[in-house]
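The values are calculated or read from the model by the stated rules, or taken from the named source; none is laboratory data. Just so it is clear, the structure is predicted and the values come from calculations on it, not from any experiment. Glycine also receives a Cβ, built like all others from the backbone with ideal geometry; neighbour counts cover every protein chain displayed.
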Amino acid sequence: MSDLIRGNAIIGQSGGPTAVINQSLVGVVEGLRMGLVASGHVATVYGMRHGVRGLVADDLFDLTALHQDRLDRLANTPSAGLGSTRDKPDQAYAARVLDACKRHDIRYFFYIGGNDSSDTCRIVREMAVSANYDLRCFHVPKTVDNDLMENDHTPGFPSAARFVAMACMADFMDNISLPGIKINVVMGRHAGFLTAASVLARRRDRDTEAAPEATTDGPQLIYCPEVPFDLDRFAADVEAIYSKKGRCHIVVSEGIQDSTGTPIGARLIKNAQVDAHGNVQLSGSGALGDQLGDLLKEKLTPRGGKPPRVRADTFGYIQRCWPDQSIIDQIEARRSGRFAAQLAMQGHGDGSVAIVRTGSGSRAFLGARGEAYASDYKRVDLSAIAARTRHMPAEFLSGHNNVSRAFIEYCLPLVGDLPGFERL
């Protein structure tokens with residue numbers, strides 16, 4: 001740790017917005033006001049518009065004296081209040097970031113985002129050290145994908161998981177009202193946590209690991225990217241349920257891939273758009289669901305008969321910013337920002353904030369036999385987070401098309417109370 005230094009602080013938001021990313025922004029501001037601003041070590045707290053892109057363009061917003069009423073409203077507002085960016089600085093870009101910090105006497109740099117954002121912190125910090133410029137860099141976790149290493153879960157995930165669970169609850173009721181085959185495509189290119197959260201839509205039998213065909217409530221089939229996806233097996237899974245019930249409710253991760261690691265979307269979607277990194281566009285397209293639907297119509301249509309009724313929805317970007325924050329998410333996102341400010345106040349030169357579960361929360365699932373949910377925070381090295389991806393552990397998966405009771409116990413305390421529906 002180092003002695004505190006005097007200067008200004010700056011905060012940015014990066015990557016996909018979430019329902020609670022502004023909670024973290026406000027948490028950093030509040031933590032700085034109580035600490036480094038109050039002590040006189042920080043004179044001005046800036047916000048960078050659209051992340052590092054705004055910083056290098058000197059497009060800054062003064063957060064220092066923003067009234068608490070506005071901060072509280074901002075905290076409960078979804079999406080990135082300062083604007084976000086997908087920019088991933090290389091050495092030349094990082095040099096421009098460092099020059100901008102020098103121009104504005106920035107000594108404390110806070111970046112709210114996922115693993116790419118932590119990598120930005122790492123690159124900028126290392127460049128500052130090489131240039132003998134004392135710049136303290138802190139990463140505040142954020143991602144609906146829940147794929148950051150060292151974290152039990154990440155701010156943004158509980159609220160998005162809540163959306164997925166409730167959307168699937170309502171969609172299942174629709175499916176049993178007008179039976180057919182329904183496919184919902186959920187975010188998650190490499191990690192299946194958000195897709196797995198659809199299991200919470202099961203009401204009557206979610207405390208069992210019943211075989212999919214025995215499941216009373218939907219979704220009956222859940223496919224995560226951690227398990228190889230086989231198109232013929234998928235069709236057989238659906239047929240087994242559809243032939244008995246006359247309906248089937250399915251949730252599929254946008255990132256499902258075959259046994260060679262090739263994304264199913266890349267195999268099925270003709271003339272697919274790709275992003276700047278060569279990845280097939282998934283979240284902004286309904287093509288994967290449509291292609292899987294066409295496959296089922298082809299495979300399940302009896303000779304000379306009519307094809308089954310198949311519909312597909314892609315939840316897309318709406319799931320990450322739906323304005324119904326999980327209570328746990330609200331609290332933890334804000335405290336994560338405050339903890340980052342505390343790390344700066346304690347004299348750390350850099351680091352990432354990680355959420356640690358200290359109480360399992362199984363009471364929400366098991367009743368009086370369990371324990372209350374609780375969490376704490378710790379500092380971890382930027383290198384432990386940067387450019388690394390966490391996947392669903394094996395114990396959260398059940399077979400190739402289901403998730404386990406262990407995942408339900410893990411996820412249920414995070415999303416908050418879910419509505420109770422009645423079936424006749």
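Scanning for something at pLDDT below 75, of a type in the set (A, V, I, L, M, F, W, C) and either in contact with a Phe, Trp or Tyr (Cβ under 8 Å, 6 or more places away or on another chain) or surrounded by fewer than 14 Cβ atoms within 10 Å (Cβ to Cβ) (or both), does the stretch 277-288 turn up at least one residue? Before the answer, list the steps.
Initially, the stretch 277-288 is screened for residues at pLDDT below 75, giving 277-286.
From what's left, of a type in the set (A, V, I, L, M, F, W, C): 280, 282.
Next, from what is left, pick out any that are either in contact with a Phe, Trp or Tyr (Cβ under 8 Å, 6 or more places away or on another chain) or surrounded by fewer than 14 Cβ atoms within 10 Å (Cβ to Cβ) (or both): none.
Within the stretch 277-288 (the criterion being at pLDDT below 75, of a type in the set (A, V, I, L, M, F, W, C) and either in contact with a Phe, Trp or Tyr (Cβ under 8 Å, 6 or more places away or on another chain) or surrounded by fewer than 14 Cβ atoms within 10 Å (Cβ to Cβ) (or both)), the answer is no, since none of the residues qualifies.
Every residue in the stretch 193-222 that is at pLDDT below 65 and either in a helix (DSSP H, G or I) or within 18 Å of Asp145 (Cα to Cα) (or both), please.
To start, the set of residues in the stretch 193-222 that are at pLDDT below 65 comprises 204-216.
Pro212, Glu213, Ala214 - these are the residues of the stretch 193-222 that are at pLDDT below 65 and either in a helix (DSSP H, G or I) or within 18 Å of Asp145 (Cα to Cα) (or both).
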Practice task
Considering every residue within the stretch 316-338, establish whether at least one is polar (S, T, N, Q), under 27 Å from Pro179 (Cα atoms) and without any contact (Cβ under 8 Å) to a residue 60 or more places away in the chain.
Solution key: no
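Being of a type in the set (A, V, I, L, M, F, W, C), more than 11 Å from Asn184 (Cα to Cα) and touching a residue at least 40 places away in the same chain (Cβ under 8 Å) is the filter here, so list the residues in the stretch 287-309 that pass it.
Filtering the stretch 287-309 for residues of a type in the set (A, V, I, L, M, F, W, C) gives 287-288, 292, 295-296, 300.
Narrowing the set further to residues that are more than 11 Å from Asn184 (Cα to Cα) leaves 287, 295-296, 300.
Listed by number, the residues that qualify are Leu295, Leu296, Leu300.
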Practice task
Could you check, for the stretch 92-99, whether at least one of its residues is in contact (Cβ under 8 Å) with a residue 40 or more places away in the chain and among the hydrophobic types (A, V, I, L, M, F, W, C)?
Solution key: yes
Completion exercise
Note on the stretch 170-200: residues among the charged types (D, E, K, R), in contact with a helix residue (DSSP H, G or I) (Cβ under 9 Å, 6 or more places away or on another chain) and surrounded by fewer than 24 Cβ atoms within 10 Å (Cβ to Cβ) are Asp171
Completion exercise
The helices (runs of 4 or more DSSP H) lying wholly within the stretch 3-112 that contain at least 3 residues that are surrounded by fewer than 22 Cβ atoms within 10 Å (Cβ to Cβ), over 25 Å from the mean Cα position of the chain (by Cα) and at pLDDT 95 or above are 68-75, 91-103
Practice task
Those residues that are in contact with a Pro (Cβ under 8 Å, 6 or more places away or on another chain) and not in a loop (DSSP other than H, G, I, E, B), I need them from the stretch 306-320; list them, please.
Solution key: Arg320
Practice task
For the stretch 169-206, enumerate the residues that are among the hydroxyl-bearing types (Ser, Thr, Tyr) and in contact (Cβ under 8 Å) with a residue 40 or more places away in the chain.
Solution key: Thr195, Ser198
